[in-house]
Amino acid sequence: MSAVPSDESFDGAAASSLHLVRGRSAPGLFWYLTEPTRCALDVGEFVATRSMLRGAPSGDGHPVLVFPGLGAADSSTLMLRRFLSGLGYEVHRWGLGTNIGPTRKAVDGMHALVKKVSDAHGGPVSIVGWSLGGIFAREMARDHPHRVRQVITLGSPYNMSDPVQSRAMPAFALLSRLHIPREEFPPPEEMRPPIPVPATSIYSKTDGIVSWESCVEEPGPHRESVQVSSSHLGYGFNASVLWVVADRLAQAEGTWAPFTAPPGMARYYPRAA
């Protein structure tokens, strides 16, 4: 939504192929072609590190919503949701079928879901969003700042300035006829004030679907970007990603401090550029 360019800009980008655009580039072709293989490795790493992940920070039981990425449904976030449930959170799927973009059903459904879960639990919810799901999560936080406790995004190109930065844009463009009217889309991220709730963006320089530069922003009070080594398709299974999510969710309501890698795990978190 906030990071989705118009169809006209997509056509222009297609004509210019995958060259640098306004200082931004497409995700690396090697990383794109190896996404399925590296995703399988992320899943294997999750299985191998389950004992380590049992030591991840547990939570206070507050509700957590999990939004899938473009072309994905709740089945894609099952492992992530089970992991968070095991840490004591009241985890909710998005329940809106396959994410095909900002359709009227999806937009209205997400607003209703945030209100329903927040009211049912008598307090704000945290939202974890994968790729496009993270862009949606940020919009929910902007529209319901008193109902959203924090937002965590996984490879979400909310700061995208040109469609060349996402290899998912052709699919998004094909689905655009099903989306809400263009005039209802919010302004680009660069034209808006900072998100009003604590926000953590998890990104990877080996992401083969979206450009890592589109997933980061200037650090500031209650917002940060954390670099990991992960495929785009593997964010929900990558052990280093899951640890960051657990660590961020475990912070007491009303408090916030930047993420710090636990002893022995520093190698999982490359220094951000």
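As a fraction of the 1.4 Å probe accessible area of the chain, surface on carbon and sulfur atoms comes out at 57 percent.
Okay, helix-only estimate at 222 nm for the chain: each DSSP H run of n ≥ 4 adds -39500 (n - 2.57), divide by all residues, round to 500 deg cm²/dmol; what do you get? The partial results should precede the final answer.
Values: 9 runs with 89 residues, N = 273.
It lands at -9500 deg cm²/dmol.
Shown is the FRET efficiency for Val43 and Met191, computed with R0 = 41 Å from the Cβ-Cβ distance and rounded to the nearest 0.05: 0.60.
With K and R counted +1 and D and E -1, the other residues having a Cβ less than 14 Å from that of Val117 yield a net charge of +4.
Accessible surface for the chain, divided over its residues, is 44 Å² per residue with a 1.4 Å probe. Taking amide hydrogens as placed 1.01 Å from N in the peptide plane, the amide H of Ser131 sits under 5 Å from those of Leu154, Gly155, Ser156, each at least 5 positions away in sequence or on another chain.
Each label point was placed 7 Å from the Cα along the Cα-to-Cβ direction; for Arg24 and Arg93 their separation is 3.2 nm.
Ordering Ser131, Ser161, Thr37 by the projection of their Cα atoms onto the charge dipole of the chain, which places +1 on the Cβ of Lys and Arg and -1 on the Cβ of Asp and Glu, puts Thr37 at the extreme positive end.
Highest GNM mean-square fluctuation among Pro193, Pro102, Pro36, for the chain modelled with Cα contacts below 10 Å: Pro193.
By the Kirkwood approach, averaging reciprocal distances over each pair of separate Cα atoms, region 56-193 gets a hydrodynamic radius of 15.4 Å.
Where Lys and Arg each count +1 and Asp and Glu each count -1, what net charge lies around Arg81 among other residues with Cβ under 9 Å from its Cβ? Could you put the intermediate results ahead of the total?
Values: positive: Arg82, Arg93; negative: Asp74.
In short, +1.
For region 19-134, DSSP calls about 10 percent of its internal beta bridges antiparallel. Between Thr206, Thr260, Thr153, the residue with the greatest mean-square fluctuation in the GNM of the chain (Cα pairs under 10 Å linked by springs) is Thr260.
Under a 1.4 angstrom probe, counting protein chains only, how are Leu70, Leu233, Leu65 ranked by accessible area, largest first? Walk me through the numbers on the way to the answer.
Details: Leu70 50, Leu233 80, Leu65 0 Å².
Putting Leu70, Leu233, Leu65 in descending order of accessible area: Leu233, Leu70, Leu65.
Please work out the Kirkwood hydrodynamic radius for region 193-273, using every pair of different C-alpha atoms, and report it in angstroms with one decimal place.
Details: mean 1/r = 0.0751 Å⁻¹.
13.3 Å is the Kirkwood radius here.
Given Cα positions, please report Rg to Rh for the chain, the hydrodynamic radius being the Kirkwood one. Write down the numbers at each step before the final one.
Values: Rg = 17.4 Å, Rh = 18.6 Å.
Across the chain, the Cα-based Rg/Rh ratio is 0.94.
Taking amide H positions as modeled 1.01 Å from N, with prolines and chain starts lacking one, the residues under 5 Å from Trp94 and 5 or more places away or on another chain are Val66.
Only bridges with both residues in region 165-273 count here: give the DSSP antiparallel percent, nearest 5.
Numbers: 2 of 8 bridges.
Looking only at bridges with both residues in region 165-273, the antiparallel portion is about 25 percent.
Spatial offset of region 137-203 relative to region 45-64 amounts to 27 Å, using the alpha carbon center of each. The GNM of the chain, with springs linking C-alpha atoms under 10 angstrom apart, assigns the highest mean-square fluctuation among Gly134, Gly97, Gly254 to Gly254. Here the 3J(HN,Hα) profile of region 262-267, calculated from phi with Karplus coefficients 6.51, -1.76 and 1.60 at θ = phi - 60°, is x, x, x, 10, 4, 5 Hz, Gly and Pro shown as x. Looking at the chain, send over the antiparallel percent of its DSSP beta bridges, to the nearest 5. Antiparallel bridges make up about 10 percent of those DSSP assigns within the chain.
The values are calculated or read from the model by the stated rules, or taken from the named source; none is laboratory data. Model, not experiment: these values are computed from the prediction. Positions of Cβ are backbone-derived with ideal geometry, glycine not excepted, and every protein chain shown enters the neighbour counts. With ligands, DNA and RNA removed, areas are computed over all heavy atoms of the protein, side chains included. Shrake-Rupley method; radii C 1.70, N 1.55, O 1.52, S 1.80 Å.
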